[in-house]
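The structure appears below as structure tokens.
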Amino acid sequence: MSVAHGIRTLGVLGSGQMGLGIAYVAALRARVPVLLHDRSEVQIKKGLAFMDKLLEKDVSKGKIKAEEAKEARDRVTVVAPEKGLEGFRDADMVVEAVSENIALKQSIFKDLSAKLPLETILASNTSSISITKIAASTIPEGHTASSELGQKSAARVVGLHFFNPVPVMKLVELISALQTSQETVDRAKAFAIACGKECTTSQDVPGFVANALLMPYLNEAIMWLEKGVATKEDIDKTMKLGMNHPMGPLQLADFIGLDTCLAIQQTLYQGTGDSKYRPSVLLERMVDAQWLGKKSGKGFYDYE
Ligand code: 3HC
């Protein structure tokens with residue numbers, strides 16, 4: 001039996017490439033009003049301009065009608081930075097899509113939990129961080145994990161892992177914390193399906209299924225480059241043409257963001273203690289140099 005997601009309004013926290021993509025599929029495909037919040041006004045403007053471009057492209061390619069594009073755009077409302085997380089009070093679910101930093105995510109979830117009703121689902125788009133740790137940060141001051149409020153607060157936290165570019169990639173990985181209720185998982189899944197996605201489920205292990213498999217591959221490619229086994233172009237060409245991958249591993253690492261790749265690899269390495277996940281020195285140095293890939297204009301390749 002299919003479950004109704006019951007999301008009448010969605011909150012999206014973070015208007016970078018992931019948050020913006022989630023807002024886009026929610027407004028266009030699930031057709032729900034979206035409250036979009038980011039502490040940077042510049043980032044919001046950049047995100048909305050990109051959304052306009054995507055909608056225009058879909059109209060010009062005949063994928064959607066002009067009025068559908070307008071309706072989708074009108075469903076997106078910006079929550080002004082000064083309003084803070086209070087601006088999500090009308091949301092039935094908030095998806096957090098900020099950078100891959102556990103302290104930042106825990107402080108955001110603590111705040112979300114304090115400011116929003118207990119019925120609001122709190123989802124994280126984290127690529128690798130423990131949903132159980134994030135859920136534990138929602139327990140209100142003065143309560144314990146076993147108190148009624150502590151349990152209810154953590155039970156509405158779930159991992160909803162979208163892939164980049166969100167409008168194109170068909171998958172959402174669902175991750176339950178130890179504390180997550182079945183109702184939260186079912187509703188989050190129903191919502192991802194309404195956004196046009198297919199879902200898989202992973203246990204709450206470092207990197208979940210997707211990044212625990214992808215990141216060692218990308219890291220190995222970076223180590224191959226570091227050792228001089230082949231040029232970056234040949235490493236990428238080998239995997240594109242030899243394996244029919246849409247992008248080679250170095251191009252894909254640039255596309256994801258080298259800081260994000262490093263943060264995920266550090267979570268994998270620290271979370272498992274397994275040396276096979278140790279990030280390559282070259283990746284660390286590139287992040288030190290602020291060569292973050294496509295988003296910063298320079299990574300393994302140069303971008304405009
Ligand atoms: N946002 C939205 N749409 C985009 C986009 C973006 N950033 N980049 C490309 N697209 C759209 C294009 O508009 C085009 O749409 P159309 O079919 O309506 O015209 C379509 O994607 C194809 O784009 P192009 O023709 O320009 O280029 P390609 O055929 O080379 O496809 C690609 C681009 C879809 C990005 C393809 O190269 C690809 O699939 N790459 C692999 C992406 C991937 O592996 N993503 C997962 C990363 S891991 C992850 O996200 C997890 C995280 O936790 C790290």
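Rg over Rh for the stretch 121-175 works out to 1.11, using Cα positions for both radii and the Kirkwood form for Rh.
Built from the Cα atoms of the stretch 185-256, the convex hull projects on average onto 6.2 nm², one quarter of its surface area. The calculated pair-distance distribution of the chain uses every alpha carbon pair, bins of 10 angstrom beginning at 0, and gives 6, 26, 34, 24, 9, 1 percent.
Against the compact-protein benchmark of 2.2 N^0.38 Å, the Cα-based radius of gyration of the stretch 51-134 scales to 1.38.
With Cα atoms defining each centre, the stretch 127-145 and the stretch 248-304 are spaced 27 Å apart in the structure. For the stretch 44-120, with all protein chains in place and a probe radius of 1.4 Å, 52% of the accessible heavy-atom surface sits on carbon or sulfur. Solvent-accessible area of T132, all protein chains in place: 30 Å² (probe radius 1.4 Å, heavy atoms, ligands and nucleic acids excluded). Counting only heavy atoms of the protein chains and using a 1.4 Å probe, D234 has close to 80 Å² of accessible surface.
Take the alpha carbon atoms of the stretch 57-103, find their center, do the same for the stretch 198-244, and report the distance between the two centers in whole angstrom. Comparing the Cα centres of the stretch 57-103 and the stretch 198-244, I get a distance of 30 Å. Its convex hull of Cα atoms gives the stretch 163-304 a direction-averaged projected area, equal to a quarter of the hull surface, of 9.7 nm².
What the Cα convex hull of the stretch 248-291 gives, in volume per residue, is 67 Å³. Per-residue extension of 0.36 nm, minus the Cα-Cα distance of Y303 and Q182, leaves a gain of 39.2 nm for this segment.
For the stretch 74-159, the list of GluC sites (Glu not before Pro) that fall in a loop by DSSP and count at most 11 other C-beta atoms within 10 angstrom reads E119, E141.
Across the chain, C-alpha contacts under 8 Å between residues 6 or more apart give a mean separation that, scaled by the residue count, equals a relative contact order of 15 percent.
Taking the convex hull of the Cα atoms, report for the stretch 78-235 its projected area averaged over all directions, in nm².
Values: hull surface 45.4 nm².
Its average projected convex-hull area is 11.4 nm².
The values are calculated or read from the model by the stated rules, or taken from the named source; none is laboratory data. Model, not experiment: these values are computed from the prediction. Cβ atoms come from the backbone with ideal geometry, glycine included; neighbour counts cover every protein chain shown. Ligands, DNA and RNA are excluded from the accessible area calculation, which covers all protein heavy atoms including side chains. Shrake-Rupley method; radii C 1.70, N 1.55, O 1.52, S 1.80 Å.
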